[in-house]
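Down below is the structure, laid out as structure tokens.
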Amino acid sequence: MNRRTFLRAGAVGAAGGLAGCSELFAQRSTARIPPVLDDRPEAVYRPTHIEGMEMIGTQTVGDRTVGLFYSFPHRFWTVAGDTNRVEIQDDHSVHLMASVWDRETETVIPVLDQPRFTIIQDDSVVDERRAWPMLSQNMGFHFGENVELDGDGTYTVEVEALPVGIETVGAFDGRFAAEHTAEFTLKYAESERNDVPFEEFPDTAGERAAADPMGMSMPLSYAPPVGELPGSPVTVGSVGDAEFVATVEDGALIVSPRTPYNGFSIPGFSLSAAVESVGFDDALTDAIGPTLGAHYRAELDGEPESGDTVTITVESPSSLSRHEGYETAFLERGSVSATL
């Protein structure tokens, strides 16, 4: 029995009073949040609002650095066949977020498994949850989940840094295979959480645009600019508002999907490709490298001919959970082609 369960079991006599406090807390947490737009485009759009965040700290574990942050509890959307909205619950205190990056190159590492957040106070577990790999317009790729605290106080937060689980290339070859746990001290006060910046976009919400990324002293999951990719990169086209760029380097086809406007990498797709001159028509592999970041690739049997056509097919949409503004995008299947 964790501490939260114990407190609930021992508080039957005070249930009426606690229920009133819980309702008041829920009203304070959600009163400022505008409703979801009814006429959202099936694409990236400017959300109704953006919340800031507070950095709890960073820890280096093995070959990775883990950064931990919190903000107001968020509504967000999960993608598992259907897209489902996760609502803020009465007992949610904060939206806890973690980012993991290579300590040398500061490349964000997109693990698609769900790392565990464990929150401890006085040697007892207050809350324990699997965080969602997700995408937001102000932070890019990260792990996040709404969690429950026992009010103001000091907590220990343990964050798993899981094995990367995808192909590692270049200087990353063979790295990020071990599991580590980063440990943080969270000194939480509801009054400080309520001072986290909160910005609404009443005049532009729903437009085909995006909120700006946060200016933070931490790496964000940007895809490499097209001009910095090796070879002769081409913009192949868009599927579900995800932009696909392709190039060939050292006999490998490299495909880099990114968000419009902010240019964040988008992991979690199932992709295939075809290059006729070398007889390639097969699935692409998820990979990460120090200069390419998160991308998809396949080894080709020879170099494509000049003027050959590359076709990229989205077999299944990105499985990432999303903050508002991304939940209607990156969900389509389809193909795009361009000349190499």
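Could you please let me know if A43 is surrounded by fewer than 17 Cβ atoms within 10 Å (Cβ to Cβ) and either at pLDDT 95 or above or not β-branched (V, I, T) (or both)? Break it down stepwise before answering.
Numbers: surrounded by fewer than 17 Cβ atoms within 10 Å (Cβ to Cβ): no; either at pLDDT 95 or above or not β-branched (V, I, T) (or both): yes.
No; evaluated as a whole, the condition is false for this residue.
Looking only at residues that are aliphatic (A, V, I, L, M) and within 21 Å of the chain's Cα centre (by Cα) in segment 164-177, which one is nearest to Y296 (Cα to Cα)?
Step one: list which residues in segment 164-177 are aliphatic (A, V, I, L, M), which gives 164, 166, 169, 171, 177.
Keeping just the survivors that are within 21 Å of the chain's Cα centre (by Cα) gives 164, 166, 177.
On the way: V164: 14, I166: 10, A177: 19 Å.
The extreme case among them is I166.
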Considering segment 213-227 alone, what residues qualify as being of a type outside the set (S, T, N, Q) and in contact (Cβ under 8 Å) with a residue 24 or more places away in the chain?
P213, M214, M216, M218, P219, L220, Y222, A223, P224, P225
Could you tell me whether segment 296-317 includes any residue that is within 30 Å of V36 (Cβ to Cβ), of a type outside the set (A, V, I, L, M) and in contact with an Asp or Glu (Cβ under 7 Å, 6 or more places away or on another chain)?
yes
Output the qualifying pairs, or none if there are none: Cβ atoms under 9 angstrom, residues six or more apart or on different chains, first residue in segment 199-212 and in the same structural domain as G140 (by TED's automatic domain parsing) and closer than 15 Å to A329 by Cα, second residue modelled with pLDDT of 95 or more and of a type in the set (G, A, S).
none
Kindly indicate whether any position in segment 194-217 is of a type in the set (A, V, I, L, M, F, W, C), more than 30 Å from T48 (Cα to Cα) and at pLDDT 95 or above.
no
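Filter segment 90-110 for residues that are out of contact with any strand residue (DSSP E or B) (no Cβ under 7 Å at 6 or more places or on another chain) and closer than 27 Å to L149 by Cβ and give the result.
Kept after step one, since they are out of contact with any strand residue (DSSP E or B) (no Cβ under 7 Å at 6 or more places or on another chain), are these residues of segment 90-110: 90-91, 104-106.
Matches in segment 90-110: D90, D91.
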Suppose the filter is within 15 Å of the chain's Cα centre (by Cα), surrounded by 21 or more Cβ atoms within 10 Å (Cβ to Cβ), assigned by TED's automatic domain parsing to the domain that holds V245 and at pLDDT 95 or above; does A273 pass it?
no
Could you check, for segment 300-310, whether at least one of its residues is at pLDDT 95 or above and within 19 Å of T168 (Cβ to Cβ)?
no
Taking into account only those residues within segment 113-130 that are in contact with a Leu (Cβ under 8 Å, 6 or more places away or on another chain) and not in a strand (DSSP E or B), which is modelled with the highest pLDDT?
P115
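Does segment 80-88 contain at least one residue that is in contact (Cβ under 8 Å) with a residue 40 or more places away in the chain and assigned to a loop (DSSP other than H, G, I, E, B)?
Initial filter on segment 80-88 (in contact (Cβ under 8 Å) with a residue 40 or more places away in the chain): 80, 83, 85-86, 88.
Narrowing further to those that are assigned to a loop (DSSP other than H, G, I, E, B): 88.
Yes, segment 80-88 has at least one match.
Just checking, how many residues over segment 258-279 are of a type outside the set (K, R) and touching an Asp or Glu at 6+ places or on another chain (Cβ under 7 Å)? So that I can check it myself, show each step before the final result.
Applying the first criterion (of a type outside the set (K, R)) to segment 258-279 yields 259-279.
This time we only want the ones that are touching an Asp or Glu at 6+ places or on another chain (Cβ under 7 Å), so: 260, 267, 270-272, 274-279.
Number satisfying all stated conditions: 11.
The values are calculated or read from the model by the stated rules, or taken from the named source; none is laboratory data. Quantities reported herein were computed from a predicted structural model and do not represent experimental measurements. When we count neighbours, we look across all protein chains shown, and the Cβ atoms used for this are built from the backbone with ideal geometry, even at glycine.
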